[in-house]
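The values are calculated or read from the model by the stated rules, or taken from the named source; none is laboratory data. What you are looking at is a predicted structure, and each value in this text was computed from that prediction instead of being measured. Cβ atoms come from the backbone with ideal geometry, glycine included; neighbour counts cover every protein chain shown. For the accessible areas, the whole protein counts, side chains as well, though only heavy atoms, and no ligand, DNA or RNA atoms are used. Shrake-Rupley method; radii C 1.70, N 1.55, O 1.52, S 1.80 Å.
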Number of protein chains: 2
Amino acid sequence: MTTLDPLSLSCPTPHAETERVLLGHGSGGQLMAELLRDVIIPTLGGGGVLEDAAVVDVGAAQVVFSTDSFVVTPRFFPGGDIGSLAVHGTINDIAMRGADPVALSVAYVLEEGLPITELRRITTSVATAAHAAGVPVVTGDTKVVERGGVDGIYLTTTGIGVRAPGVDPSAARCRPGDAVLLSGPIGGHGMAILSARSDLGFAADIVSDSQPLHRLVRTMLDAAGSAVHALRDPTRGGVASALNELADASGVSISLDEPALPVSRQVAAACEILGLDPLHVANEGCLIAMVAPDSADRVLAAMRRRPEGVTACAIGRVGDGPTGRVTVRTLIGSSRVLDMLVGEQLPRIC
Amino acid sequence: MTTLDPLSLSCPTPHAETERVLLGHGSGGQLMAELLRDVIIPTLGGGGVLEDAAVVDVGAAQVVFSTDSFVVTPRFFPGGDIGSLAVHGTINDIAMRGADPVALSVAYVLEEGLPITELRRITTSVATAAHAAGVPVVTGDTKVVERGGVDGIYLTTTGIGVRAPGVDPSAARCRPGDAVLLSGPIGGHGMAILSARSDLGFAADIVSDSQPLHRLVRTMLDAAGSAVHALRDPTRGGVASALNELADASGVSISLDEPALPVSRQVAAACEILGLDPLHVANEGCLIAMVAPDSADRVLAAMRRRPEGVTACAIGRVGDGPTGRVTVRTLIGSSRVLDMLVGEQLPRIC
C-alpha cells in the first residue's frame, strides 16, 4: 500500500520560490522580464525599454554596443556550434539597432579537463563565422575553472557597431498601421537543439537557422531608412516573446495572421508531436521588422534579394491597442491572445 | 610493509597532459601565454602583441575595447566582491591603453538556485562601483544554467573607451632607459582572496586593492602625454608576469630594484609563511608605467597627487637586452632572474 506523507503535498508558495534564481529566469520570457524589471535594471539604474543593444555617443559617431553569454548545450548541433552561434548572436543584436558591426570580443570560461582539440574546434568556428561576417575578433579573455565549475565552455561575445545618422530602429518606435515583416521560417534553432539533445528520430533533418543578419538589415535600411521603425531577432522566447516586448515598449497592439507564418514542415511536425507552439521556439537567424505601411513592399522586395530573406513575408499589422496585446488570427478565422513564454520551454538554448 | 605498484610511478608526459585544459592555463602566467600563442590567437588571426585592450577606429575617434570574465571565489572578499572587481578590472584594462572609459556591459551566467538576495547584492555592487567610477552600465545579458552548471554566478564585463589623439601607451613601446614606475603596494588582492578562502588568521587585515585606475592614468597622461610609453595593471600572474610580457613585447630587458618594491608588512609576512613571491601575486588596483626618463619625475609627482598613487615609486629601469629578460637586484646586492608565473599559484583569483 502506498501512503502519502501529507508533508510531501505542501506546495511551495510562488513568492518563496522566486526568492531563488530559476531556470525560467533565463528563458527570454515572462520570468526573465520580471527578473530584469524587478532586480537588475532598477539596481543598475537603467531605463524602461529593453533593447538588444545600447547606443553610446562617441564624438560625432553613434556606437552600438551589445553583449551576450552563450551556454548552449550540446555545444555542437545541426547547423552550428557554440562558437558560430556566439558570433551570429552578437552581430545580430548590433544589427537590430541599425548599426554595422565593426569589432567583436570573445571571453572564454573553460572547464579544467576540456580537450584542447575541442577548444581549437570552437575557436576555429568563432574565427570562421567572424571572417564570413566580415567582423574581426579584436580582443578576448580566458579564464579556467576547476572541474564542475562550468559545463565545458561558456563564451561571452560583445560587439561594437557604428550607426549611420538618421537611422534609429527601436523597440519603442512601432506605430499603428506598421506592417510586421518576418525574414524567414521560424523554430529552426530551438528544434535543432532539441533534436541534438534528445536524438529525436523525426527531427533528424532540422538544422539551426543560426546566421548573421547584418547584411540583410543594411539592405533594408538602404531601401527604406527610418521607415524601418523596429527590428528584433526573436531568439529565446521566440516570435511570441519578441512581439510582446515590442508591443509593450511601443504602447501598441499587434495582430498576426497565422496562415502567413512560415514554419517548415519538419518543424511544424516536431512541434505538434511535442506540444510546442512554434511561436515560442527560439530562432537565431531571422528577424521581425516593423515598417511604415507605404514602405513595406519596398522593404520586402529588398529582403527577398538577400539569401537570408529570400522567403521574407508580411505576417501581421500593428494596431492602436490595447497596449501590449498580441493576437493571432487562426486558420479557421478565430482569434487568440498570444502571450510571452511564461516559464522555461528549453533551458540553455543559446 | 609498503610496496609500490610500478604502474603508479608512471608519469604523464607533459605533452599528453597539455592536450587538456589545465587550471594553470588560466593563471596569467607561462601556460596561459602558451595557450594564447599556440591555440587561440593564431586561430582567431590576431597579431603578436598581447594588450589589455584593442583599439578600433570609429570615424575620427579611437575606441578602446576590452572584455573580461570574472569567476573569483569566494564571491565576497575583504575589499570587494565579484561585482566591484568586474567593474574595476574592465575599467582598468581600458585605462591601460590610455583611454577614458565611457560605457560598460555586464553579462551574467547564473546558477539555478542562486538566492535572489545575492544577485541583488552583487548587482548593487556593480552599480555602486560603476557610479563611483563615472562609467555607466548601458547593456547586459542574463543566462541561467541548471544546478552544477556554474558555481553560483560568473560575470563578464566589457568596456568601451575613447582615446585622445597622440596618446598610445602599448606593451610594445617600452624603450631602454625608461623608468619603471609602480603606483602602489603589491600583493593585496591575491592575499585577500587567499585569506578569505582559507581563513588564515595572520592575514585577517589584508584587503584587496581592487579600485579603478582611469583617473590616475588621466593625470599621468595630462602630465606627460606620449612620454608614458606603456601601462599595465599586474593582475593574474602579478608584477613578474606583467614585466615579462612587456619586456617580450618591446624587445627589451627590465631590471628591478628589490628594496624599492612596496609590499605591506602584512602581505610580506603572509607571503613568507606561505612561500609565495609577492611579485607573482595578483593585484587589482595598481599599475606599472614605463616612462621616458626625462618625464619620470613629473609623472611620479602627478601620480602622488591622486589617492590611488599616493605611494607611487620608481622600482627599476628598462635596459637594452637580452630581450625579454627581467632581473631583480636583491637587498644584498645580488641579482636574480624573475620569470613569469609558470603554472597556477591560486586559481579563480579574478
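Provide the percentage of antiparallel DSSP beta bridges, counting only those with both residues in the range A:235-350; round to the nearest 5.
65 percent
Compute the whole-percent fraction of alpha carbon pairs in chain A spaced more than 39 Å apart.
Summing the P(r) tail past 39 Å for chain A gives 13 percent.
Quick check: at a probe of 1.4 Å, how many percent of the accessible area of the protein assembly as shown sits on carbon and sulfur atoms?
For the protein assembly as shown, the apolar C and S fraction of the accessible surface comes to 54 percent.
Just the accessible area per residue of chain B, please: how many Å² with a 1.4 Å probe?
Heavy-atom accessible area per residue stands at 37 Å².
Where the label is 7 Å out from Cα toward Cβ, how close does B:ASP320 come to the same position in every other copy, in nm, shortest first?
Result for B:ASP320, in nm, nearest copy first: 8.1.
Among bridges DSSP assigns within the protein assembly as shown, what percent are antiparallel (round to 5)?
Around 80 percent antiparallel, to the nearest 5.
Can you give the average number of partner chain beta-carbon atoms within 10 Å of each beta-carbon in peptide A:65-77, as a whole number?
Numbers: counts 11, 7, 12, 8, 14, 4, 9, 1, 3, 0, 0, 0, 0.
Mean shielding by partner chains, rounded to a whole number: 5.
When each copy gets a label point 7 Å from Cα toward the beta-carbon at A:GLY134, what are the spacings between them in nm, shortest first?
Nearest first, the other copies' label points are 3.8 nm away.
Just report the Cα centroid separation between the range A:130-155 and the range A:206-279, whole Å.
If we compute the Cα centre of each part, the gap is 28 Å.
Put simply, what bits of the range A:160-175 lose 40 Å² or more of accessible area when the other protein chains are there, versus the chain on its own (1.4 Å probe)?
A:ILE160
Within a 10 angstrom radius of each residue's Cβ in B:55-61, how many Cβ atoms of other chains show up on average? Whole number is fine. Kindly include the intermediate steps, with their values, before the conclusion.
On the way: counts 3, 8, 2, 11, 7, 4, 6.
Per residue, the number of nearby Cβ atoms from other chains is 6 on average.
For A:THR323, what accessible surface area do you get with a 1.4 Å probe? Give it in Å², rounded to 10.
Its accessible surface works out to 90 Å², give or take rounding.
Viscosity 1.567 mPa s, temperature 4 °C: what is the translational diffusion coefficient of the range A:144-219 from Stokes-Einstein with a Kirkwood Rh over Cα pairs, rounded to a whole number of µm²/s?
76 µm²/s
Can you sort A:GLU258, A:GLU308 by solvent-accessible area, 1.4 Å probe, largest first?
Details: A:GLU258 60, A:GLU308 20 Å².
Descending accessible area places them as A:GLU258, A:GLU308.
Could you tell me the total accessible area buried at the A-B interface, probe 1.4 Å, in square angstrom to the nearest hundred? Let's see the in-between values first.
On the way: alone 16070 and 16060 Å², together 26210 Å².
Summing both chains' loss of accessible area gives about 5900 Å².
Return the equivalent ellipsoid semi-axes of the range B:226-321 as a descending list in whole Å, where each equals the square root of 5 times an eigenvalue of the C-alpha gyration tensor.
Equivalent-ellipsoid dimensions as semi-axes: 22, 18, 12 Å.
Based on the Kirkwood radius over alpha-carbon pairs, what is the Stokes-Einstein translational diffusion coefficient of the protein assembly as shown at 37 °C with 0.692 mPa s viscosity, in µm²/s?
Estimated diffusion coefficient is 124 µm²/s.
Sorted by average packing, counted as other Cβ atoms within 10 angstrom per residue and highest first, what order do A:172-178, B:328-334, B:80-86 take?
Final packing ranking: B:80-86, A:172-178, B:328-334.
Mind listing the label-point distances from A:ASP294 to the same position on all other copies, shortest first, one decimal in nm, points 7 Å along Cα→Cβ?
Spacings between copies for this position, smallest first, are 6.7 nm.
List every DSSP H helix in chain A whose Cα atoms extend 24 Å or more along the helix's own long axis and whose mean Kyte-Doolittle hydropathy is at least -0.5.
Taking the DSSP H segments of chain A (at least 24 Å long, mean hydropathy at least -0.5), we get A:116-133.
Evaluate peptide B:118-131: per residue, the Cβ atoms of other protein chains within 10 Å of its Cβ; return the mean as an integer.
Values: counts 2, 7, 5, 1, 1, 6, 3, 1, 3, 6, 1, 0, 2, 2.
Average neighbour count from other chains, rounded to a whole number: 3.
If N is the number of residues in the range A:138-273, what value comes out of its Cα radius of gyration divided by 2.2 N^0.38 Å?
Working: Rg = 18.5 Å, N = 136, 2.2 N^0.38 = 14.2 Å.
Against the compact-globule rule of thumb, the ratio is 1.30.
Let a ≥ b ≥ c be the square roots of the eigenvalues of the Cα gyration tensor of the range B:96-202; is it rounded (a/c under 1.5), or, if not, prolate (a/b larger than b/c) or oblate?
oblate
Note down the accessible area of A:ARG97, probe 1.4 Å, to the nearest 10 Å².
20 Å²
Anyone know which of A:THR156, A:THR327, A:THR139 comes out most mobile in the 10 Å Cα GNM of chain A?
A:THR139
Would you compute, for the Cα atoms of the range B:207-257, the largest minus smallest coordinate along each principal axis and list the three values in descending order, in whole Å?
The Cα atoms of the range B:207-257 stretch 33, 28, 20 Å along their principal axes.
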